[in-house]
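Structure, as structure tokens:
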Amino acid sequence: MILNNVPVIDIAPSFLDSQGKQAVSDSIRVACEDVGFFTITGHGVSLDEINRTRQAAISFFALDLEEKLKISQPSEKISRGYSKVGERALAYSLGNQTLPDLQESFAMGPIGPVPESLRATRFERFFHMPNIWPNFHYDFRIAMEDYYHRMEELSIHILNLFALSLGLKENFFDDKIGHHTSTMRAIMYGAQTETPKSGQLRAGEHTDYDMLTILHSDDTSGGLQVRTRKGHWIDVHPIPGSFILNIGDVMMHWTNDHWVSNLHRVSNPTLNILKAERLSLVYFHNPDAEAEIECITSFYLNGEKAKYEKINFGEYYLSRHMKAQHMTTNKTIGKTMVEQH
């Protein structure tokens, strides 16, 4: 099934047997080659779980700004705590200068202990910094942590299907995500009471720089748009109870460009409904900070040459993330920030 050029895949058979896994993984491979986005149903996450997290996030964003700022994002600009409107611009991650994105967000990262291999290293603070929670809003923490765990479980299942899609052993990615550095954001795209400035969006054009992104979002005016390989921008409308998935640049690197990490953005609402709010829950599955990412050339053509050199995920991630957070085109910002800490 295709919805606005974004395939819809029922992954329920992949939980049943090897035949079901293979059938679903084949559908995923086609989607990742064609557009890099697909919608999943039959994922096993209940509407109650999703709605509980949504309501907790809505309650948090309804707090006075003064209260939310008490748990502001740390000065290192890591994905923790609250970021008010105008504090980042995602297009900068690709070196494109734009006005700040029209969104506010709360971000969290790994919940477990710091890996022994990273203790007292430069990556400990940047990838395993403790999460920051409001003292008086405990239900919010419980809901967010529970949802993070559910997305973590779903992501591992999807990555197993990715491996099968590529003709690899199902556990191929296991040793690269044992201490994954995944982050999650609740994002509120607030009502717009006036027309945005020229070129300013709810989220500027960007690609994700993780392995896999799982999105649950409202279907409102001013939503997700994806650019196809032919250069056309298409609206992606969520199906109730589904998740929209997309691959990040790490998977494009691993697959030697056979899979596409596609440009996407979040548009503004149309002029006659500027007051439309939009809430998104976004989980970004990242590999270990120390994971080495190198092209796998064996699954398509024998003798195919790698298009990318081997990279360290931690270094790569910071080089992209810091440009968006600091709203700069400085190519060395990520490396500089790490060396200063």
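The values are calculated or read from the model by the stated rules, or taken from the named source; none is laboratory data. Just so it is clear, the structure is predicted and the values come from calculations on it, not from any experiment. Note that each Cβ is placed from the backbone with ideal geometry, even for glycine, and that neighbours are counted across all protein chains shown.
For residues that are part of a loop (DSSP other than H, G, I, E, B) and within 12 Å of the chain's Cα centre (by Cα), scanning just the stretch 182-214, find the one that is surrounded by the most Cβ atoms within 10 Å (Cβ to Cβ). Only one residue tops the list, namely Met211. If you go through the stretch 108-139 and keep only what is in a loop (DSSP other than H, G, I, E, B) and of a type in the set (Phe, Trp, Tyr), you end up with Trp133, Phe136.
A single member of Glu315, Glu277, Glu304 is of a type outside the set (A, V, I, L, M), surrounded by fewer than 16 Cβ atoms within 10 Å (Cβ to Cβ) and under 22 Å from Gln103 (Cα atoms), and it is Glu277. Please find, among Ala107, Ala56, the residue that is within 19 Å of the chain's Cα centre (by Cα), small (Gly, Ala, Ser) and surrounded by 17 or more Cβ atoms within 10 Å (Cβ to Cβ). Step by step, each of Ala107, Ala56 is checked, and only Ala107 is within 19 Å of the chain's Cα centre (by Cα), small (Gly, Ala, Ser) and surrounded by 17 or more Cβ atoms within 10 Å (Cβ to Cβ). Looking only at the stretch 286-325, which residues are assigned to a helix (DSSP H, G or I) and at pLDDT below 80? Selection gives Arg320, His321, Met322, Lys323, Ala324, Gln325. So which of Ser27, Ser14, Ser75 is at pLDDT below 95 and among the small types (Gly, Ala, Ser)? Answer to the selection: Ser75. Just name the residue that is modelled with the highest pLDDT out of those in the stretch 79-104 that are touching a Gly at 6+ places or on another chain (Cβ under 8 Å), assigned to a loop (DSSP other than H, G, I, E, B) and crowded, with 22+ Cβ neighbours inside 10 Å. Among those residues, the one meeting the criterion is Ser79. The set of residues from the stretch 214-261 being under 17 Å from Met184 (Cα atoms) and either in contact with a Phe, Trp or Tyr (Cβ under 6 Å, 6 or more places away or on another chain) or of a type in the set (A, V, I, L, M, F, W, C) (or both) comprises Ile214, Leu215, His216, Phe243, Ile244, Leu245, Asn246, Ile247, Gly248. Among the residues of the stretch 9-44, those that are at negative phi, touching a residue at least 60 places away in the same chain (Cβ under 8 Å), outside any helix (DSSP H, G or I) and surrounded by 19 or more Cβ atoms within 10 Å (Cβ to Cβ) comprise Ile11, Val35, Phe37, Phe38, Thr39, Ile40, His43. Of all residues in the stretch 268-285, those being under 20 Å from Leu245 (Cβ atoms) and either in a loop (DSSP other than H, G, I, E, B) or modelled with pLDDT under 90 (or both) number 1. Residue pairs whose Cβ atoms lie under 7 Å apart, sitting 6 or more positions apart in sequence or on different chains, and linking a residue in the stretch 123-134 that is without any contact (Cβ under 8 Å) to a residue 40 or more places away in the chain to a partner that is in a loop (DSSP other than H, G, I, E, B) and not charged (D, E, K, R), are Glu124/Val114. Looking at the stretch 102-121 only, could you name the residues that are within 14 Å of Ser280 (Cβ to Cβ) and of a type outside the set (A, V, I, L, M, F, W, C)? The answer is Gln103, Glu104, Ser105. Take Ile78 and decide whether it is under 20 Å from the mean Cα position of the chain (by Cα) and on the phi < 0 side of the Ramachandran plot. Against the criterion (under 20 Å from the mean Cα position of the chain (by Cα) and on the phi < 0 side of the Ramachandran plot), Ile78 qualifies.
Among residues of the stretch 250-266 being outside any loop (DSSP other than H, G, I, E, B) and at pLDDT 90 or above, the one that is farthest from Tyr300 (Cα to Cα) is Val250. Counting only residues that are over 13 Å from Glu104 (Cβ atoms) and of a type outside the set (Gly, Ala, Ser), the stretch 55-66 holds 2 of them.
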